[in-house]
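Visitor: Below you'll find the structure I mean.
The values are calculated or read from the model by the stated rules, or taken from the named source; none is laboratory data. This is a predicted model, so every value here is computed, not measured. Positions of Cβ are backbone-derived with ideal geometry, glycine not excepted, and every protein chain shown enters the neighbour counts. Each accessible area value is taken on the protein alone, full model and side chains, heavy atoms only, with ligands, DNA and RNA left out. Shrake-Rupley method; radii C 1.70, N 1.55, O 1.52, S 1.80 Å.
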Amino acid sequence: MKKLVVSGGKKLCGSVSIGGAKNATVAILPATVLGEGVSIIHNIPNVNDVSLELRMLEEMGAKVRLIDKKTVEIDTTNIVSPTVSYELAKNMRASYYFLGSLLARMGTASVSMPGGCNFGVRPIDQHIKGFELMGATVEIEKGMINAKSEKLTGTHIYFDVVSVGATMNVMLAACKADGLTILENVAKEPHIVDLANYLNSMGAEIRGAGTDIIKIRGVKEMHGAEYTIIPDQIEAGTYMTAVAATGGNAIIENVIPKHLESITAKLRSAGVTIEEGDDWVRVNRVEPLKAINVTTMPHPGFPTDMQPQIAAMLLGAEGTSIITEGVWDNRFKYIDELVRLGAKITVDGKVAVITGGAQLTAAPVKATDLRGGAAMIIAGLCIDGITEIEEIVHIERGYEDVVEKFRGLGADIKIIDTPDEIIAKVI
Ligand code: EPU
């Protein structure tokens with residue numbers, strides 16, 4: 001079993017370079033299917049969700065070649081299978097983007113129900129509603145989502161909830177539909193704009209990504225394209241928060257500061273100094289952290305994917321902080337783990353109340369999900385002692401080179417791999 005071992009108590013200093021956005025990449029890789037030809041995608045993050053999607057593409061018949069650690073060439077000329085198997089889809093969410101792209105390319109798609117972080121029920125009704133309004137039939141059978149359509153037709157779709165996944169999936173399906181598709185009440189995250197930019201570079205006609213209304217005029221042909229993924233807003237925010245939590249002073253490089261504004265604003269209200277350059281931010285904390293209230297919301301609100309990390313930081317703030325989760329029904333599972341470390345937090349529904357300043361002590365904890373795992377690292381970095389984090393597979397799904405990057409900031413962190421037979425003997 002692999003564990004992360006964090007020996008905390010050091011201020012993070014120096015610099016860290018941010019990789020490509022995971023949640024953009026996991027939509028852009030399925031989008032390559034839409035152009036019959038070769039795409040070269042730069043700045044892909046080196047994380048498990050991306051490796052899984054590359055394997056899905058290979059199983060469909062695409063030729064995948066890693067040019068270097070961050071660049072992949074994908075030739076989708078000979079896609080022959082419209083299927084994403086359970087084996088590959090069970091551990092990640094974004095496999096469902098193949099529904100939209102395969103439906104548009106082949107008129108049929110069969111994708112295993114997705115896995116991913118468990119935040120309670122994660123419905124996909126809005127994806128299905130969009131496909132059906134465009135003329136597809138969608139059935140769920142034996143754990144597979146099967147979508148079919150002789151011809152997708154452009155139409156007006158008003159989403160009932162703001163959904164990143166549904167916005168992207170229906171955008172993919174609409175690229176080759178007959179006529180104009182108008183999407184309303186859409187998500188506006190930076191990765192929505194990134195996907196639209198890639199699709200447009202492949203010959204799609206998409207306008208309005210990043211606003212409340214997206215218009216897609218269907219085209220007959222799309223081609224491969226060369227594209228560079230944007231930096232990961234949440235990876236950047238995670239390191240910003242970790243530096244602030246430890247009272248450090250570091251530069252976070254290769255970021256788009258505009259994408260970080262909601263995070264920067266909250267850190268500033270907590271007493272952290274943030275300086276912004278063209279593609280970097282410097283985070284410096286000298287004063288004690290102040291308690292703040294945070295409510296997560298779809299972009300441009302404070303991202304739900306930063307909620308656990310800022311909660312971990314606020315354990316060290318003076319006073320009471322209130323965190324309200326505005327996107328997911330159940331994204332506080334990780335709090336039980338923070339409580340194991342001595343945190344004083346009460347949860348009532350979607351609200352967590354943190355009494356800052358409690359004495360934290362090292363204890364074994366687990367990563368309950370991707371960002372919950374990041375929160376364990378941040379808490380561990382602030383504790384004088386050794387915090388061992390289990391179930392790090394969640395962290396590896398979404399953070400590239402996490403040990404190397406934290407070490408580069410001066411953290412004492414390592415992965416240990418205890419063979420299961422040793423554990424069995426001890427038991
Ligand atoms: N929802 C519905 N019906 C749907 C789709 C969503 O009711 O058909 C609801 C969800 O239950 C949730 C809300 O709408 O309450 C927002 O869900 P959304 O569809 O936006 O989430 P997602 O697309 O499944 C992506 C990210 C998540 C991130 C959310 C919100 C990917 C692969 N995942 O999920 O990222 O939390 O958007 O920003 O892009 C993470 O990276 O740690 C992560 C969980």
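Visitor: Restricted to segment 168-199, and to residues that are touching a helix residue (DSSP H, G or I) at 6+ places or on another chain (Cβ under 8 Å), within 15 Å of the ligand (Cβ to nearest atom) and of a type in the set (D, E, K, R), which residue is farthest from S149 (Cα to Cα)?
Guide: E189
Visitor: Please find, within segment 153-206, the residue that is least open to solvent (accessible area, probe 1.4 Å) out of those that are of a type in the set (D, E) and more than 25 Å from V38 (Cα to Cα).
Guide: Among those residues, the one meeting the criterion is E189.
Visitor: Ok, one more. Given (1) within 30 Å of E391 (Cα to Cα); (2) loosely packed, with under 15 Cβ neighbours inside 10 Å; (3) not hydrophobic (A, V, I, L, M, F, W, C), where does E53 come up short, assuming only one miss?
Guide: Status for E53: all satisfied but (2).
Visitor: For segment 49-150, which fully contained helices (runs of 4 or more DSSP H) count at least 1 residues that are within 16 Å of the ligand (Cβ to nearest atom) and touching a residue at least 40 places away in the same chain (Cβ under 8 Å)?
Guide: Ranges flagged: 97-106, 125-133.
Visitor: Now a separate question. When you look at V351, is it surrounded by fewer than 22 Cβ atoms within 10 Å (Cβ to Cβ) and either in contact (Cβ under 8 Å) with a residue 60 or more places away in the chain or among the aliphatic types (A, V, I, L, M) (or both), yes or no?
Guide: Here the answer is yes, as V351 does meet what is asked.
Visitor: Report yes if G210 is closer than 24 Å to H42 by Cα, small (G, A, S) and in contact with a helix residue (DSSP H, G or I) (Cβ under 6 Å, 6 or more places away or on another chain), otherwise no.
Guide: Criteria met by G210.
Visitor: Please enumerate the residues belonging to segment 228-251 that are outside any helix (DSSP H, G or I) and over 18 Å from the mean Cα position of the chain (by Cα).
Guide: T246, G247, G248, N249, A250, I251
Visitor: Kindly provide the set of residues from segment 292-307 that are near the ligand (Cβ under 10 Å from one of its atoms) and open to solvent by 20 Å² or more (accessible area, probe 1.4 Å), ordered by number.
Guide: M297, P298, H299, D305 - these are the residues of segment 292-307 that are near the ligand (Cβ under 10 Å from one of its atoms) and open to solvent by 20 Å² or more (accessible area, probe 1.4 Å).
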